[in-house]
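Working notes, beginning with the structure itself.
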Ligand SMILES: [Zn+2]
């Protein structure tokens, strides 16, 4: 003990002149200081020993995610998603493919202007004009990056590029070095890497690194690989690629065989320092890897993966909700990490175990991902201030001018419902995503059952100037009659692809959400849209009017036709 040692040292002192109690306290103080030094040293050592690698999260919801059929984010929606991604702790936001269309260029430009912490990147084929377009679109970005790619697998070489291996290596060298002359950070992806011969993949990657690439992304473009196979690819590349500058490996997985999360985590375990994906796993076909699954897996299994991330996990649900709302794609109830059932335990046995200790059957707590179990519902008496606070809590970002309108809608809802839950508020906001200030909106509808059991629908629409239009049509059922009436008004080539109803909350007083997908048969563009109302039929009318509004806007050139890099020649 400190006091014992201090007494011992004190034996050499002349006790008559010195106040003993003071001496002891001075020595005690010295020892405390040394002890502290020792402890700090230990801490540093411990930190050094357990120092974990950092994994960057790269989100491509706005680029690859937008390839999902029916998903057409407006620029305003893209900016809102980008801001939320930054809040969630994303390191790099792939804001689009600037060379694809003026719309895509403008979206990248707008996002570059508002994002300050995260890097903003754009996609470019191995084509100089694509790289130039990225450079121009990202001029205002605080931390610009570029993502250059070329396909490398035999099937892509033969049928898409019609290039030999040598020509591909030449193209990689030329375009990566050109990109490097304009950007400090250049990510290069050999498209369809997992179906590329390993020795050629190595040659491509080494060529890109030699040309100055700072990130090498290995995409499983068609969701083909398996964890074991992917581990071998990463082990081989990490062991053999040489460089005179820092190179970070990355991973980009698709979920065609349901292995995107497993493959991404395996790549991380085998050296990847950057993971690409989307929120809720949106993307073409079976989608991209769901980044929230990777983030939570790395957190829950920190013991195994031993990596750190910048992801702010308790913003996960807010991020997922926002992307679900703007994409018009609901999150399945049984979806890992963010699905509605992820935390509800219906079975009695489980519930008992969960009550005694939640970890018995739940490895992810609702709080970890930002589900607020103690969130207070609003009611009839809640004022504007409480409403605005709730919007903030739910990360719903609105301009002051928009809040008045939303608050008025909330008041109408609160009159009909005792408790206005978070889900109700989100649904309320969702009903306002189709901007159509000059156009016609749903006003009301009446249905009549005819003697022959057909239904006649009278749908009334109103515009901002108070003009009303009434459309009457028949159908075999209510929804058909309503949609026929709306078709009559818009008079466009529209095909209904899907129609779904869901309850926003539990209970008989729930609002109904109707989701429809329609195709503009003149352009083949698919639009997802939704409508919310207490009445299922009114919600159906609203959703279908919204969908028709999208088609109308596309036909008027107000919504750009979506262009993927697949729609463009592979090289020119
Ligand atoms: Zn992809």
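With the condition kept exactly as written, say whether any residue in the range 319-326 is within 24 Å of residue 221 (Cβ to Cβ) and surrounded by fewer than 23 Cβ atoms within 10 Å (Cβ to Cβ). Scanning the range 319-326, I find no residue that is within 24 Å of residue 221 (Cβ to Cβ) and surrounded by fewer than 23 Cβ atoms within 10 Å (Cβ to Cβ), so the answer is no.
All conditions but one from (1) over 19 Å from residue 283 (Cα atoms); (2) in contact with a helix residue (DSSP H, G or I) (Cβ under 9 Å, 6 or more places away or on another chain) apply to residue 542; the one that does not is (2). Applying the criterion of being more than 20 Å from residue 338 (Cβ to Cβ) and within 13 Å of the ligand (Cβ to nearest atom) to the residues of the range 264-290, the residue that is surrounded by the most Cβ atoms within 10 Å (Cβ to Cβ) is 284. Kindly check whether there is at least one residue in the range 539-555 that is part of a loop (DSSP other than H, G, I, E, B) and touching a strand residue (DSSP E or B) at 6+ places or on another chain (Cβ under 7 Å). There is no residue in the range 539-555 that is part of a loop (DSSP other than H, G, I, E, B) and touching a strand residue (DSSP E or B) at 6+ places or on another chain (Cβ under 7 Å). Based on this model, can you work out whether residue 213 counts as more than 16 Å from the ligand (Cβ to nearest atom), surrounded by 24 or more Cβ atoms within 10 Å (Cβ to Cβ) and part of a helix (DSSP H, G or I)? No: the conditions fail for residue 213. Which of the residues that make up the range 233-259 are touching a helix residue (DSSP H, G or I) at 6+ places or on another chain (Cβ under 7 Å) and within 22 Å of residue 147 (Cβ to Cβ)? Passing the criteria: 233, 234, 237, 241, 243, 247, 249, 251, 253, 254, 255. Residues in the range 53-86 that are within 16 Å of the ligand (Cβ to nearest atom), more than 18 Å from residue 530 (Cβ to Cβ) and at pLDDT below 95: 67 alone. When every residue of the range 148-168 is checked against the conditions, at least one turns out to be assigned to a loop (DSSP other than H, G, I, E, B), crowded, with 24+ Cβ neighbours inside 10 Å and more than 19 Å from the chain's Cα centre (by Cα). Could you tell me whether the range 471-494 includes any residue that is under 30 Å from the mean Cα position of the chain (by Cα) and part of a strand (DSSP E or B)? Checking the range 471-494: at least one residue is under 30 Å from the mean Cα position of the chain (by Cα) and part of a strand (DSSP E or B). Scanning the range 76-120 for residues that are in a strand (DSSP E or B) and in contact with a helix residue (DSSP H, G or I) (Cβ under 8 Å, 6 or more places away or on another chain) yields 93, 95, 96, 120.
Among the residues of the range 140-147, at least one is within 16 Å of the ligand (Cβ to nearest atom), touching a residue at least 60 places away in the same chain (Cβ under 8 Å) and over 19 Å from residue 270 (Cβ atoms). I'd like to know if the range 514-537 contains one or more residues that are within 22 Å of residue 471 (Cβ to Cβ) and in a helix (DSSP H, G or I). Yes.
Rundown of residues vs (1) closer than 17 Å to residue 127 by Cβ; (2) more than 16 Å from the ligand (Cβ to nearest atom); (3) not in a loop (DSSP other than H, G, I, E, B), yes/no style:
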position: 170; (1), (2), (3): yes, yes, yes
position: 173; (1), (2), (3): yes, yes, yes
position: 176; (1), (2), (3): yes, yes, yes
position: 179; (1), (2), (3): yes, yes, yes
position: 182; (1), (2), (3): yes, yes, no
position: 190; (1), (2), (3): yes, no, yes
position: 202; (1), (2), (3): no, yes, yes
position: 205; (1), (2), (3): no, yes, yes
position: 209; (1), (2), (3): no, yes, yes
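Scanning the range 241-257 for residues that are away from the ligand (no atom under 16 Å from the Cβ) and either part of a loop (DSSP other than H, G, I, E, B) or within 19 Å of the chain's Cα centre (by Cα) (or both) returns 241, 242, 243, 244, 245, 246, 247. For the range 305-319, name all the residues that are touching a strand residue (DSSP E or B) at 6+ places or on another chain (Cβ under 9 Å) and in a loop (DSSP other than H, G, I, E, B). Passing the criteria: 306, 309, 310, 311.
Restricting to the range 262-279, name every residue that is touching a residue at least 60 places away in the same chain (Cβ under 8 Å) and either over 18 Å from the mean Cα position of the chain (by Cα) or in a helix (DSSP H, G or I) (or both). Passing the criteria: 268, 272, 273, 279.
Whether a residue is under 29 Å from residue 530 (Cα atoms) and surrounded by fewer than 20 Cβ atoms within 10 Å (Cβ to Cβ) was assessed, and residue 303 does not pass this test. Residues of the range 100-120 that are modelled with pLDDT of 95 or more and closer than 18 Å to residue 563 by Cβ: 105, 106, 107, 108, 109, 110, 111.
The values are calculated or read from the model by the stated rules, or taken from the named source; none is laboratory data. These figures come from a predicted structure and were not determined experimentally. Here Cβ is always computed from backbone atoms with ideal geometry, including for glycine, and neighbour counts include all displayed protein chains.
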